[in-house]
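See structure below.
The values are calculated or read from the model by the stated rules, or taken from the named source; none is laboratory data. Values in this document were obtained by computation on a predicted structure and should not be read as measured data. We place every Cβ from the backbone using ideal geometry, glycine too, and count neighbours over all the protein chains shown.
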């Protein structure tokens, strides 16, 4: 059995504000740290995870996502190879040291393997993981007056109240309160101690632990950090009038996200005033505060 070693990616600035307060490895996807999701995918192909940074092994960059099928393909290879993403970046390699071998055979990565360079790449990983869920696991309580059209994984102490409609896949941690009368759809994950309240719609989003979206809000294709409180009527727009891909400013450069639907990236401990409206692709850094009726048209510190 070949070893696999994941090389720490640190806290890349291009992934802020998510990595402003945590390492990339610790960023949650499907209610687990990214590093754990990476390990599960790699181990599922038969690799033995190791911390020993020497000897022949599969070396995986910490900002790489390798699909299950890609891991299976690589598991059948023993000679030095380098796995290259569509953008030309190195995702992983087989060799005897923590540096890719220039003369090694190059293998193009499949469509499901990519570099996790920006916040929306974490959203993509979350979608992939939740798409693989094909059954429900309920350790909390679900009201008989709630409607589930899909699959849910509900942690201990969590409650889904009456009038809730869930369409797609929802993964919710412990002690969450969902409802009454809200709509959750797409591939959505909620960390522990989250609250989704009355007349709220959450679509295809990643919400970290301790965050509250209490009243009359829409959160679509967005990442919400830890212990965020969104005031009543907070709206994240996620679609351009011209239908083109969303763009976002990263390190003073405008970057094409590759997504036609993309909302906001909101850092930890952000508080929005009531009726805050956020343009697509905008980011709010940790501890930011908006006033009632604010329109967020630019990234906010």
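For the range 266-290: of the residues being touching a residue at least 40 places away in the same chain (Cβ under 8 Å) and part of a strand (DSSP E or B), which is surrounded by the most Cβ atoms within 10 Å (Cβ to Cβ)?
266
Report every pair of residues separated by at least 6 positions or lying on different chains whose Cβ atoms are under 6 Å apart, first residue within the range 159-171 and in the same structural domain as residue 144 (by TED's automatic domain parsing) and on the phi > 0 side of the Ramachandran plot, second part of a strand (DSSP E or B) and surrounded by fewer than 18 Cβ atoms within 10 Å (Cβ to Cβ).
Matching pairs, first to second residue: 168/150.
Just checking, which of 175, 193, 181 is part of a loop (DSSP other than H, G, I, E, B) and in contact with a strand residue (DSSP E or B) (Cβ under 8 Å, 6 or more places away or on another chain)? Full working, then the answer.
Details: 175 fails: in contact with a strand residue (DSSP E or B) (Cβ under 8 Å, 6 or more places away or on another chain); 193 fails: in contact with a strand residue (DSSP E or B) (Cβ under 8 Å, 6 or more places away or on another chain).
Criteria check complete, one pass: 181.
Could you list, in sequence order, all residues of the range 139-158 that are surrounded by fewer than 18 Cβ atoms within 10 Å (Cβ to Cβ) and under 27 Å from residue 231 (Cβ atoms)?
143, 157
Can you confirm whether the range 55-77 contains a residue that is outside the structural domain of residue 284 (by TED's automatic domain parsing), surrounded by fewer than 19 Cβ atoms within 10 Å (Cβ to Cβ) and closer than 30 Å to residue 269 by Cα? Walk me through it before giving the result.
Taking the range 55-77 as the starting set, the residues that turn out to be outside the structural domain of residue 284 (by TED's automatic domain parsing) are 55-77.
From what's left, surrounded by fewer than 19 Cβ atoms within 10 Å (Cβ to Cβ): 55-56, 62, 67-69, 72-73, 75-77.
If we keep only those that are closer than 30 Å to residue 269 by Cα too, we end up with 62.
Among the residues of the range 55-77, at least one is outside the structural domain of residue 284 (by TED's automatic domain parsing), surrounded by fewer than 19 Cβ atoms within 10 Å (Cβ to Cβ) and closer than 30 Å to residue 269 by Cα, which makes the answer yes.
Just one of 243, 263, 233 is buried (at least 22 other Cβ atoms within 10 Å of the Cβ), outside any strand (DSSP E or B) and in the same structural domain as residue 145 (by TED's automatic domain parsing); which is it?
On the way: 243 fails: buried (at least 22 other Cβ atoms within 10 Å of the Cβ); 233 fails: buried (at least 22 other Cβ atoms within 10 Å of the Cβ).
Just one listed residue meets the conditions, 263.
Between residues in the range 88-100 that are in the same structural domain as residue 64 (by TED's automatic domain parsing) and residues that are assigned to a loop (DSSP other than H, G, I, E, B) and surrounded by 17 or more Cβ atoms within 10 Å (Cβ to Cβ), which pairs lie under 7 Å by C-beta distance while being six or more apart or on different chains?
Listed by first residue and then by second, the contacts come to 90/100; 91/66; 91/85; 91/109; 91/113; 92/66; 93/100.
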